[in-house]
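A quick write-up on the structure given underneath.
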Amino acid sequence: MNVRIVDTADVDDRATIGDGSSVWHLAQVREHAVLGENCVVGRGAYIGTGVRVGDNCKVQNYALVYEPAVLEAGVFVGPAAVLTNDTFPRSVNPDGSLKSGADWEAVGVTLREGASVGARAVCVAPVTVGRWATVAAGAVVTKDVPDFALVAGVPARRIKWVGRAGVPLEDVGDGQWRCPTTGEMYHESGGVLTLAGQHTEESK
């Protein structure tokens, strides 16, 4: 199997690393994490216990992906981005005792196919970032992001639509949007954007 794990990386023996994947200097991949094929885990990045990462994903330098996050195929997580897992974080219980794993319930972030999270952005669990959506650098995501949305700010809100190429779409009228890079057409209805000829899961 063609896997590259550099000597300074900390990859648990119980983790699964897919063919063609690379784990770079000082990165940590915890027990039972699953990385698909052709993934890249950058310097100093953290992949938590049991996190699932699909094929062709990139987790850039010093990004923190806490369990139980799920990254579908083709996801990009930018440098120093954080996917959290605790809705009400505390170090101690009300009686002053140190919290243990039994004292809280981890909740995860889901990044759907092709989604991108920019540098130093934070996704506050539990949220889902939709297919081919983009979270701008430095944004703080506190609610679900629709497919193909570009969100920015604190808290993040949609400012544009983007296509599968990642660039903003052009409004051509009557709810139709065009990608200036690929020429692909998209249709907007009721605040939902779909690639022409496809349907949302809710409409299937």
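Every read-out reported here was derived from the displayed coordinates using simple, explicitly stated rules and does not represent laboratory data. As the structure is a computational prediction, the values presented were derived from the model and not from experiment. Cβ: placed from backbone, ideal geometry, glycine included. Neighbour counts: every protein chain shown.
What you get for the chain, charging only the Cβ of Lys and Arg (+1) and of Asp and Glu (-1), is a dipole of about 480 debye around the Cα centre. At what distance in angstrom do the alpha carbon centres of the stretch 131-161 and the stretch 24-79 lie from each other? That distance is 20 Å.
How long are the semi-axes of the equivalent ellipsoid of the chain, defined as square roots of 5 times the Cα gyration tensor eigenvalues? Whole Å, largest first. If you can, show how the numbers build up before the last one.
Details: eigenvalues 197, 93, 39 Å².
For the chain, the ellipsoid semi-axes come out as 31, 22, 14 Å.
Between Gln28 and Asp10, Ala45, Tyr46, Ile47, the built amide H atoms are under 5 Å apart, and every one of these is 5 or more places off in sequence or on another chain. For the chain, averaging the sequence separation of C-alpha pairs within contact (under 8 Å, six or more residues apart) and dividing by the residue count gives a relative contact order of 10 percent. Here the Karplus relation 6.51 cos²θ - 1.76 cosθ + 1.60, evaluated at θ = phi - 60°, turns the backbone of the stretch 136-147 into coupling constants of 5, 4, x, 6, 10, 8, 10, 9, 4, 10, x, 3 Hz, with x for every Gly and Pro.
Peptides 50-60, 142-152, ordered by how many other C-beta atoms sit within 10 Å of their residues on average, highest first, read 50-60, 142-152. Computed on the stretch 1-47, with alpha-carbon pairs under 8 angstrom and 6+ residues apart, the relative contact order is 37 percent. GNM on the chain, alpha-carbon springs under 10 angstrom: the most fluctuating residue among Val127, Val117, Val167 is Val167. Phi-derived couplings, Karplus 6.51 cos²θ - 1.76 cosθ + 1.60 at θ = phi - 60°, listed residue by residue for the stretch 166-177: x, 8, x, 8, 9, 6, 10, x, 6, x, 9, 10 Hz, with x used for Gly and Pro. Here the label points at Ala102 and Lys160, each 7 Å from Cα along the C-beta direction, are separated by 5.1 nm in the simple model.
For the stretch 164-204, averaging the sequence separation of C-alpha pairs within contact (under 8 Å, six or more residues apart) and dividing by the residue count gives a relative contact order of 24 percent.
Along the stretch 115-121 the Karplus relation, 6.51 cos²θ - 1.76 cosθ + 1.60 evaluated at θ = phi - 60°, assigns HN-Hα couplings of 5, 10, 10, x, 4, 6, 6 Hz to successive residues, with x for each Gly and Pro. Amide H contacts under 5 Å for Val117: Phe76, Val77, Gly78, Val135, restricted to partners 5 or more places along the chain or on a different chain, H placed in the peptide plane at 1.01 Å from N.
Look at the dipole of the chain built from charges on Cβ: of Thr128, Gly183, Gly36, the Cα furthest out on the positive end belongs to Gly183.
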